[in-house]
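Just so it is clear, none of the values below were taken in a lab; they were calculated from the coordinates. Remember, predicted model here, so these are calculated numbers, not experimental data. All Cβ positions, glycine included, derive from the backbone under ideal geometry; neighbour counts span all protein chains shown.
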Amino acid sequence: MDGNDRSITGFTMLAHGIFHTYELSIPLFIVIWLDVFDVSPFVLGLVVSVGYGLIGLGAIPAGVLADTWGSRPLIVASVVGMGGGFFLLALAPNVFVLGVAIVVWGAAASVYHPAGLSLISRGAKERGTVFAYHGVGGNVGTALGPLFTALLLLVFDWRLVVVALTVPAIAVVLIGTRIEFDEVHATDGGESAPLRSFLEDSRLLFSTGFLLAFVAILLYGTYYRGMLTFMPDVLADLPLFEPYVVFGVEAEPAQYVYTGILLIGILGQYVGGRVTDHVRTEYAFLTVLLALGLLALAFVPSAGLGIVPFLMICAALGFFLYATAPIYQVVIAEQAVEDVHGLSYGYAYLGMFGVGAVGAAIAGGLLTYATSAALLAVLSGIAFLAGASVVALLVSHRLRP
């Protein structure tokens, strides 16, 4: 990578890590909030779905702004808003105020992916490699953020832990305002798409294979959110992970298995990004989606086979769950012309985090009124449907004149 690629890589890795630190620490707090606010998984799932959903709903305007104003100011503003919104969680006296705080966080978080990914797609020469490192940065936050959270929760009240998690955002903002890079280094340096072309650009995007890729990403987002939102709670219900006491403090092994799944995702992100430099992206996308469908089916039955087989399934789940992200990010870049990459990622994350947020509500409803086995069966079907959309995308390419 050249110097510009390295600067973009470092900046986006840090911001991506902050995003996922917050996003995937929330499921650890959900276990606590169920007791503190005396609500059912269904109600809390709906509350969290609204906040997570805003990440997707705000992605469209964020993408348009990234195409018009550039990515750096949007990424910095997003990190400031995420830190501030997350801090508000510590002040929540009830589930209603909690919901407002999550909405504030979600609105700020919605800006990051369209701005960050369009920065990489237009500014980085070695796009696939930078996407891979960007994914690794996200998964460092994904794994170490929740791990740090779980460790702090052993000795501190959850509100103090929330406040502590806002501190890293300050460092990212300071770095983001000082680091130097060219945002259009990998393009011809032409003008960004004007706001007035929004409808025309949208129509153009959805008249290509982008539509089928969008459907696959939407379904993957539903799987992703449904799988992870209540994962610590699902694991805690398994006999394999009964709480135990260490030096007078009750430890929850389910929390550490959850963070282990996320940690394995670091390897998945890196491998997924590098694979796109060597393998046709649609084939890679289809492979990971089929693997996710099979792993969802195997998840609950493997718990009855003992701790080692179950942890192997958990590790595979973490790997494929996160290998998917850099793969579909490259698919999007391939399906859209460069001057609307911000808009294309806006739509992609509308599907991934906006519509996909319904996965949290689905998970909460099935855990409240059915079983974890039913939830995993539904998620498996969703992954297979996403795979079918990728197959349709491959067929459309072959039929294209």
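Label zone (His278, point 7 Å along Cα-to-C-beta; backbone nitrogen cut-off 20 Å) within segment 288-312: 288-289, 291. With respect to the chain, whose longest principal axis is taken over its alpha-carbon atoms, helix 41-57 is tilted by about 20°.
With each label modelled as a point 7 angstrom along the Cα→C-beta vector, the Leu160-Phe96 pair spans 3.0 nm. For the chain, the longest principal axis of the Cα atoms and the long axis of helix 59-69 meet at an angle of about 40 degrees. Counting helices only, and only those DSSP H runs with n ≥ 4, report the 222 nm mean residue ellipticity of the chain as the sum of -39,500 (n - 2.57) divided by its residues, in deg cm²/dmol to the nearest 500. Value at 222 nm, helices only, nearest 500: -26000 deg cm²/dmol. In this label model, His397 and Ala370 are separated by 3.4 nm, measuring between points 7 Å along each Cα→Cβ vector.
Seen against the Cα atoms of the chain and their longest principal axis, helix 127-153 is set at about 20 degrees. In the set [x] 22.7; [y] 21.0; [z] 22.1, which value of Kirkwood radius over Cα pairs in Å was calculated from the structure you see? So the structure-derived entry is [y].
Classify segment 53-107: rounded, prolate or oblate, from the alpha-carbon gyration tensor (a ≥ b ≥ c, eigenvalue square roots; a/c under 1.5 rounded; otherwise prolate if a/b is larger than b/c)? Here segment 53-107 falls in the oblate category.
Which of rounded, prolate, oblate describes segment 227-336, given a ≥ b ≥ c as roots of the alpha-carbon gyration tensor eigenvalues and a/c under 1.5 marking rounded, otherwise prolate only if a/b is larger than b/c?
prolate
Remark: segment 22-34, residue by residue, has Karplus-estimated 3J(HN,Hα) of 5, 4, 9, 7, 4, x, 5, 6, 4, 4, 6, 5, 4 Hz, where x stands for each Gly or Pro and the curve is 6.51 cos²θ - 1.76 cosθ + 1.60 at θ = phi - 60°. Derived scalar couplings between HN and Hα for segment 295-306 equal 5, 5, 5, 7, 4, 5, x, 5, 5, x, 8, x Hz in order, rounded to whole Hz, by the Karplus curve 6.51 cos²θ - 1.76 cosθ + 1.60 (θ = phi - 60°), x for Gly and Pro.
Within 10 Å, at most 13 other Cβ atoms, and a DSSP state outside H, G, I, E, B define an exposed site. Report the longest part of the chain free of exposed GluC sites (Glu not before Pro). Counting only loop sites that pass the neighbour cut-off, the longest clear stretch is 192-401.
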